[in-house]
1. For SER42, are the conditions met, namely being among the small types (Gly, Ala, Ser), part of a loop (DSSP other than H, G, I, E, B) and open to solvent by 60 Å² or more (accessible area, probe 1.4 Å)?
2. Within region 138-152, how many residues turn out to be over 19 Å from the mean Cα position of the chain (by Cα) and not aliphatic (A, V, I, L, M)?
3. Taking region 1-30 on its own, how many of its residues are farther than 16 Å from LEU68 by Cβ and either assigned to a strand (DSSP E or B) or not hydroxyl-bearing (Ser, Thr, Tyr) (or both)?
4. Being touching a Phe, Trp or Tyr at 6+ places or on another chain (Cβ under 9 Å) and among the β-branched types (Val, Ile, Thr) is the filter; apply it to region 107-125 and report the residue that is nearest to ARG81 (Cα to Cα).
5. Let me confirm something: among ASP100, ASP55, ASP78, ASP90, which residue is acidic (Asp, Glu), surrounded by fewer than 17 Cβ atoms within 10 Å (Cβ to Cβ) and under 21 Å from ILE143 (Cα atoms)?
6. Determine, yes or no, whether LEU85 is open to solvent by less than 50 Å² (accessible area, probe 1.4 Å), touching a strand residue (DSSP E or B) at 6+ places or on another chain (Cβ under 8 Å) and under 24 Å from ARG27 (Cβ atoms).
7. Within region 149-183, restricting attention to residues that are at pLDDT 80 or above, polar (S, T, N, Q) and under 17 Å from ALA125 (Cα atoms), which residue is least open to solvent (accessible area, probe 1.4 Å)?
Amino acid sequence: SLAAPRVIGWFTDGSLAIVGSTSNSQRLVRLRSTGAVEPLLSESSRFHAAVSRRDKIAIAQGRTIRELGGGELATLPDRSRVVALAWVGDQVAWLRATGDALTLELAGSELWHGTSELVIDPLLAASGDKLMFSFRQRGETTIAVIDAAKQLTVIETTPAHVGAGSISNGALVVVRGTAREVIQLRDRFGNRTSLAHAPTSRGTLVAGWTT
């Protein structure tokens, strides 16, 4: 069994990609609807993972980003670490932290760079050829969208923390709250935000989308 399991994506057959930990390792497994579990990766150090729409898996560990079962995709600069990972079509995007600097890159090309306070599993999700991400400055979190032409659009600025999320058909579901305990759903036009669960309950993980 895995401690603190979380869904980081799903495959084209509907099976889930789940990351969790044991007493001495972090693991990535594939959970099928039958309940069968297929081990995909086991490492002694922490890693980030993301699944593409073509069932490719990207792994970020240390300063290296690679495709599981494939080759190396990128090597980060010294003292940098990946804090979020996502596929954009057949390319991989990542947020990397270097000290108090945060950089968003797509396939090694810089899209955005700025300062950010300490972030743990920030928002990074793809919608078509655009990326939605979050960063935190002066006690406030900014949710922004950027495209390949580096056109940045600020969606919202909030004192709440914003964590990992998922986008489907233009709608965003995201972990959000003073202690990342609330999951909110924003409509595809960005006009309305609502709770995805009862206000008396806690929301801590986003599993993904169903048809």
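The values are calculated or read from the model by the stated rules, or taken from the named source; none is laboratory data. Values in this document were obtained by computation on a predicted structure and should not be read as measured data. Cβ coordinates were reconstructed from backbone atoms using ideal geometry, including for glycine residues, and neighbour counts include every protein chain displayed. With ligands, DNA and RNA removed, areas are computed over all heavy atoms of the protein, side chains included. Shrake-Rupley method; radii C 1.70, N 1.55, O 1.52, S 1.80 Å.
1. Details: among the small types (Gly, Ala, Ser): yes; part of a loop (DSSP other than H, G, I, E, B): no; open to solvent by 60 Å² or more (accessible area, probe 1.4 Å): yes.
Answer is no for this residue.
2. Start the filter on region 138-152 by keeping residues that are over 19 Å from the mean Cα position of the chain (by Cα), which leaves 138-140, 149-151.
Filter again for not aliphatic (A, V, I, L, M), leaving 138-140, 150-151.
Here the count works out to 5.
3. 11
4. That would be VAL119.
5. Details: ASP55 fails: under 21 Å from ILE143 (Cα atoms); ASP78 fails: under 21 Å from ILE143 (Cα atoms); ASP90 fails: under 21 Å from ILE143 (Cα atoms).
Criteria check complete, one pass: ASP100.
6. On the way: open to solvent by less than 50 Å² (accessible area, probe 1.4 Å): yes; touching a strand residue (DSSP E or B) at 6+ places or on another chain (Cβ under 8 Å): yes; under 24 Å from ARG27 (Cβ atoms): yes.
So LEU85 passes the test.
7. From region 149-183, those at pLDDT 80 or above are 149-162; that's our starting set.
Adding the requirement that they be polar (S, T, N, Q) leaves 151, 153, 157-158.
Next cut, under 17 Å from ALA125 (Cα atoms) only: 151, 153.
Working: GLN151: 116, THR153: 76 Å².
Here the answer is THR153.
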